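First the structure, in the form of structure tokens, and then the observations on it.
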Amino acid sequence: MENQVTETKSLNAKSLILVIGTIFGALISFAANGTFLSIIGGAVVGLVIAILFNSYILPQKPHDR
């Protein structure tokens with residue numbers, strides 16, 4: 001029999017978190033304020049929070065197991 005296992009590419013989680021944070025920051029800010037400038041401001045704030053999340057919260061410490 002042939003090997004039916006196909007290799008899949010891993011998902012880049014850090015860039016996905018940046019995109020999701022930016023989009024949802026813009027959407028939440030637009031829903032709260034309803035102006036075009038709030039979309040830009042929300043996108044910037046969402047991007048900054050996503051960068052902080054990737055830098056400090058996401059990295060896991062190595063375990064001894």
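Applying the selection to the stretch 10-57, what residues are open to solvent by less than 100 Å² (accessible area, probe 1.4 Å), in contact (Cβ under 8 Å) with a residue 40 or more places away in the chain and in contact with a helix residue (DSSP H, G or I) (Cβ under 7 Å, 6 or more places away or on another chain)?
Residues satisfying the conditions are 17, 54.
Just wondering, is there one or more residues in the stretch 1-9 that are modelled with pLDDT under 95, surrounded by 10 or more Cβ atoms within 10 Å (Cβ to Cβ) and either touching a helix residue (DSSP H, G or I) at 6+ places or on another chain (Cβ under 7 Å) or assigned to a loop (DSSP other than H, G, I, E, B) (or both)?
Looking through the stretch 1-9, none of the residues is modelled with pLDDT under 95, surrounded by 10 or more Cβ atoms within 10 Å (Cβ to Cβ) and either touching a helix residue (DSSP H, G or I) at 6+ places or on another chain (Cβ under 7 Å) or assigned to a loop (DSSP other than H, G, I, E, B) (or both).
The values are calculated or read from the model by the stated rules, or taken from the named source; none is laboratory data. Treat the numbers as computed from the prediction; the structure is a model and nothing was measured. For neighbour counting, all protein chains shown are included, and Cβ atoms are generated from backbone atoms with ideal geometry for every residue, glycine included. Surface areas here come from the heavy atoms of the whole protein model, side chains and all, with no ligands, DNA or RNA. Shrake-Rupley method; radii C 1.70, N 1.55, O 1.52, S 1.80 Å.
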